[in-house]
Amino acid sequence: MKSARKWNRRGFLGGLGVMAGSALSVRKLRAHVQRRGTAALVYPSNVYEELGVTTVINGQGTMTMLGGSVIPPEVEAAMEAASRHYVHLPDLEVAAGKRIAQILKLPEGYTGLVTSGAAGAIQCGYSGVLTKDNPEFIKQLPDLTGMKSEVIIQKSHRYPFDHQIRATGVKLVEIVTPDDLRKAVSPRTAMMHFSNYLNAAGEIKVDEWARLSKQYHLPCFNDAAADTPPVSHLWDYTNMGYDLVTFSGGKAIRGPQCAGLLLGRNDLIHYALLNNSPYEDTLGRGQKVGKEEIVGMVKALELFVSEDHHALTEEWWRRLDTITRQITKVPGVTAAYYVPDIANHVPTMEINWDPRRISLTSDQALELLKNSKPSIILGRSRAGMEMNSFMLQPGEDRIIAQQLVKIFRTHQVSA
Ligand SMILES: *Cc1c(COP(=O)(O)O)cnc(C)c1O
């Protein structure tokens with residue numbers, strides 16, 4: 001992926017031999033890179049087009065299904081630089097973890113680990129809690145003979161990513177009330193799991209969960225994968241007392257797609273790494289983390305925490321305003337706004353229309369947008385469509401506005 005970006009159309013298909021003969025010689029390219037830096041390289045053509053796949057304008061936010069987020073040029077450059085050397089990966093992981101703890105000012109005794117993603121962080125985090133540094137246990141997973149075997153979770157917090165907890169072999173014990181929790185705790189209990197975006201759905205809230213885990217002398221895990229912004233969430237949960245916390249690297253932090261952060265107590269992070277790639281005969285060996293991802297993740301985090309988040313939010317509102325001004329000129333079209341409490345906590349716009357004036361269902365509208373050129377992906381809302389603007393690239397707000405106006409106009413009901 002990374003090397004493909006500096007090749008032109010023929011280069012991509014035919015390799016360097018073809019490229020040397022093309023107008024843009026390797027020598028010229030190198031000179032260009034030295035002058036302008038790698039980030040200044042221009043894509044001679046769209047690498048996805050080469051494969052016959054259409055790229056989309058992403059008005060839905062940080063969806064893994066659509067490729068998560070787009071990494072900033074500084075991260076691209078860091079990953080490219082990392083790709084040019086060999087390094088002992090466990091040493092790199094430990095050093096990156098220390099740097100992450102510094103960047104986030106994690107509590108004393110806490111460090112970080114770059115994983116393959118938040119899902120990978122859940123799996124290696126739980127593996128480590130179960131095996132500690134016992135080499136036999138590490139090899140044995142998901143056979144839990146000799147280890148603890150249960151994880152407590154609120155019934156309303158069951159979600160697709162508890163598959164990564166179950167992959168370690170543990171049984172999930174569902175509870176609803178604090179009293180259920182008291183009864184569920186046993187010598188078999190390894191940890192208590194919290195799914196942060198489901199905070200509102202559960203009877204026991206995020207801070208109470210951490211407090212109760214201390215009361216029962218159990219470690220607790222918070223999956224906060226998509227729960228930044230706000231940037232403060234990156235340190236809020238470890239400060240709250242969570243022993244392990246995960247965030248996706250490839251969502252709003254705009255790190256490498258195949259990266260995530262596991263933050264937590266030094267001992268638990270050490271055990272998590274022992275259960276993960278590059279170590280062999282581990283459950284986590286399938287969740288390889290490259291040197292490029294580790295370095296890129298640290299760089300992305302540095303950039304993210306030092307960003308002007310206020311200015312970014314203003315820009316996201318400005319983009320939605322651009323779209324609103326155009327689409328509300330079509331009679332019957334209205335826009336409304338909200339900010340989700342948690343996960344994709346960014347300005348979000350609902351686009352609604354009066355079906356007596358515009359003859360279009362939301363499914364039809366979404367399909368038309370998807371099939372337009374360029375293809376646009378928005379979300380479905382209760383009555384219409386919804387979108388956010390934080391993953392848009394420059395100029396895409398105007399394209400969305402034009403396309404929406406076009407489809408609304410062509411489906412206007414004549415009076
Ligand atoms: C996206 C997400 C994950 C998975 O994160 P990856 O970084 O894609 O592995 C896990 N949990 C929640 C709540 C998520 O939103």
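Here are the numbers for this structure:
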item: Potential extension, Ser375-Tyr48 segment - 0.36 nm per residue separation minus Cα distance; result: 116.4 nm
item: Cβ-based exposure ranking for Glu293, Glu108, Glu208, in which fewest neighbours within 10 Å come first; result: Glu108, Glu208, Glu293
item: Exposure proxy order (Cβ contacts within 10 Å, fewest to most) of Val87, Val206, Val114; result: Val87, Val206, Val114
item: For segment 176-285, alpha-carbon Rg over 2.2 N^0.38 Å; result: 1.14
item: Using θ = phi - 60° and Karplus 6.51 cos²θ - 1.76 cosθ + 1.60, couplings along segment 336-351 (whole Hz; Gly, Pro as x); result: 9, 10, 7, 10, x, 4, 8, 6, 6, 6, 9, x, 10, 10, 9, 10
item: Simple spin-label estimate for Arg357 and Thr55 in nanometres, 7 Å along Cα-Cβ; result: 3.6 nm
item: R0 of 56 Å, Cβ-Cβ distance Arg84-Arg382: FRET efficiency to nearest 0.05; result: 0.65
item: Residues Cys220, Cys258, Cys124 arranged by fewest to most Cβ contacts within 10 Å; result: Cys258, Cys220, Cys124
item: Size of charge dipole - the chain - debye, nearest 20, with Cβ of Lys, Arg +1 and Asp, Glu -1, no other charges; result: 1420 debye
item: Near-label residues of segment 175-202 by backbone N, under 12 Å of a point 7 Å along Cα→Cβ of Ile342; result: 194-202
item: Residue-wise HN-Hα coupling along segment 315-323, computed from phi with Karplus coefficients 6.51, -1.76, 1.60 (Hz; x: Gly, Pro); result: 5, 5, 5, 4, 4, 5, 4, 4, 5
item: Choice from Lys214, Lys329, Lys98 showing the highest fluctuation, given a GNM over the chain with Cα pairs closer than 10 Å; result: Lys329
item: Ellipticity estimate at 222 nm from DSSP helix runs (n ≥ 4, -39,500 (n - 2.57)) divided over the chain, nearest 500; result: -12000 deg cm²/dmol
item: Label-point gap, in nm, between Lys288 and Glu314 - each point 7 angstrom along Cα→Cβ; result: 4.5 nm
item: DSSP beta bridges in the chain [antiparallel fraction, %, rounded to 5]; result: 55 percent
item: FRET efficiency for Glu174 and Asn239, using Cβ-Cβ distance with R0 set to 25 Å, rounded to 0.05; result: 0.35
item: Of Lys171/Lys205; Lys105/Lys291; Lys139/Lys291; Lys139/Lys214; Lys155/Lys205, those spanning more than 20 Å from alpha-carbon to alpha-carbon; result: Lys171/Lys205; Lys105/Lys291; Lys139/Lys291; Lys139/Lys214
item: Size of charge dipole - segment 178-320 - debye, nearest 20, with Cβ of Lys, Arg +1 and Asp, Glu -1, no other charges; result: 240 debye
item: Cα-projected label distance for Thr64 with Arg188, points at 7 Å along beta-carbon direction, nm; result: 2.8 nm
item: Cβ-based net charge around Val333, under 13 Å, with every Lys or Arg adding one and every Asp or Glu removing one; result: +4
item: Gain on full stretching of the segment that runs from Asp133 to Thr410 - 0.36 nm per residue minus C-alpha separation; result: 93.2 nm
item: Residue among Glu350, Glu307, Glu76 with the largest mean-square fluctuation in a Gaussian network model of the chain, springs linking Cα atoms under 10 Å; result: Glu307
item: Rg to Rh quotient for the chain, alpha carbon positions, Kirkwood Rh; result: 1.02
item: GNM flexibility winner over the chain from Glu93, Glu367, Glu396 (Cα, springs under 10 Å); result: Glu367
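All of the numbers you see were taken from the coordinates with simple rules; none came from a lab. Just so it is clear, the structure is predicted and the values come from calculations on it, not from any experiment. Counting neighbours? That spans all protein chains shown, and the Cβs are built from the backbone with ideal geometry, glycine included.
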